[in-house]
Every structure is written in C-alpha cells, then in structure tokens.
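S.K.: One structure coming up, written as structure tokens, with questions to follow.
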C-alpha cells in the first residue's frame, strides 16, 4: 500500500483498485479534445489535497514553460478561474472525471501527487 502504515484487525485485507470502475463516456467536448490530440495528451492533477492555485509561482512557471514547448495537449485540474501565462495547449478544469480520462487511449502521461486512489487508477 502507498498509504501510511495503520493497524488492521487480522481479518481485514486492503484491496488495491477495488474502487476502479469501467470507464463512462466523456462529455462531447472533452471526448473531442482528447480524440484530436494527435500527439497525445497529458493529464495533470494534484488530487484534492494539493491545489494547483496554491502552487509556488516559480514552480508553476517552470511547469507552464515545459508544457508550452510540448506538442501534447494538456488537461490540468486547476481550481481557480484563471491561470496566468496559460499556454494554448493547456486546458483547465476545476474537476475532471479522472478514471474516464485515464482510460482514453490518447492519454500518454498522468502527472499526479501520488495519492493512493490516483496511483491505483
């Protein structure tokens, strides 16, 4: 398990991935966006504990600089209404259907904070 160690009763067993469901259809605009990603797409989400809008400016600017040089389309879970210096290939959303996005064949990279649910998805 990626979680911190916790005491469990002897008859309790952790089952990784038990919450993962078959993918559901994406909204038309999201489906079209990913289908049109001829060079692939990147999904960037720091989960619910880390919010991108609270990211250090220097770190955010470095990430944006790298993203702006890529041919890939980028979906970024971003909690604010505006992302300063947002590159044209970056699409923002306050929430995305993560499991369904990760099932899309054009997703080439998932950048995550490494939480248990995201890692198993």
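The values are calculated or read from the model by the stated rules, or taken from the named source; none is laboratory data. For clarity, every value in this text was computed on a predicted model and none was experimentally measured. Heads up, the Cβs are rebuilt from the backbone with ideal geometry, glycines too, and the neighbour counts pull from every protein chain shown.
S.K.: So which of 30, 34 is touching a strand residue (DSSP E or B) at 6+ places or on another chain (Cβ under 7 Å), assigned to a helix (DSSP H, G or I), surrounded by 13 or more Cβ atoms within 10 Å (Cβ to Cβ) and in contact (Cβ under 8 Å) with a residue 60 or more places away in the chain?
M.R.: 34 is the lone residue from the list that is touching a strand residue (DSSP E or B) at 6+ places or on another chain (Cβ under 7 Å), assigned to a helix (DSSP H, G or I), surrounded by 13 or more Cβ atoms within 10 Å (Cβ to Cβ) and in contact (Cβ under 8 Å) with a residue 60 or more places away in the chain.
S.K.: With respect to residue 24, is the statement that it is touching a helix residue (DSSP H, G or I) at 6+ places or on another chain (Cβ under 8 Å) and surrounded by 17 or more Cβ atoms within 10 Å (Cβ to Cβ) true?
M.R.: No, not satisfied.
S.K.: While we're looking at this one, here's another question. Residues 47, 52: which one is at pLDDT below 90, on the phi > 0 side of the Ramachandran plot and surrounded by 11 or more Cβ atoms within 10 Å (Cβ to Cβ)?
M.R.: That would be 47, the only listed residue that is at pLDDT below 90, on the phi > 0 side of the Ramachandran plot and surrounded by 11 or more Cβ atoms within 10 Å (Cβ to Cβ).
S.K.: Further, regarding this structure: Give the stretch 39-75 a look and list any residue that's within 21 Å of residue 100 (Cβ to Cβ) and not in a loop (DSSP other than H, G, I, E, B), or say none.
M.R.: Matches in the stretch 39-75: 41, 42, 43, 44, 45, 52, 73, 74, 75.
S.K.: Shifting gears a bit: Can you list residue pairs whose Cβ atoms sit under 8 Å apart, with the first residue in the stretch 37-49 being more than 22 Å from residue 113 (Cβ to Cβ) and the second being surrounded by 20 or more Cβ atoms within 10 Å (Cβ to Cβ)? Count only pairs 6 or more apart in sequence or on different chains.
M.R.: Every condition considered, the pairs that remain are 37/73; 39/73.
Conditions (1) under 15 Å from residue 43 (Cα atoms); (2) under 10 Å from the mean Cα position of the chain (by Cα); (3) buried (at least 16 other Cβ atoms within 10 Å of the Cβ), marked per residue:
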| site | (1), (2), (3) |
| --- | --- |
| 60 | no, no, yes |
| 64 | yes, no, yes |
| 77 | yes, yes, yes |
| 84 | no, no, no |
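S.K.: Ok, one more. Check 83, 75, 92, 70 and return the single one that is closer than 23 Å to residue 34 by Cβ and in contact (Cβ under 8 Å) with a residue 40 or more places away in the chain. Spell out how you get there, then give the answer.
M.R.: Working: 83 fails: in contact (Cβ under 8 Å) with a residue 40 or more places away in the chain; 92 fails: in contact (Cβ under 8 Å) with a residue 40 or more places away in the chain; 70 fails: in contact (Cβ under 8 Å) with a residue 40 or more places away in the chain.
Result of the check over 83, 75, 92, 70: 75.
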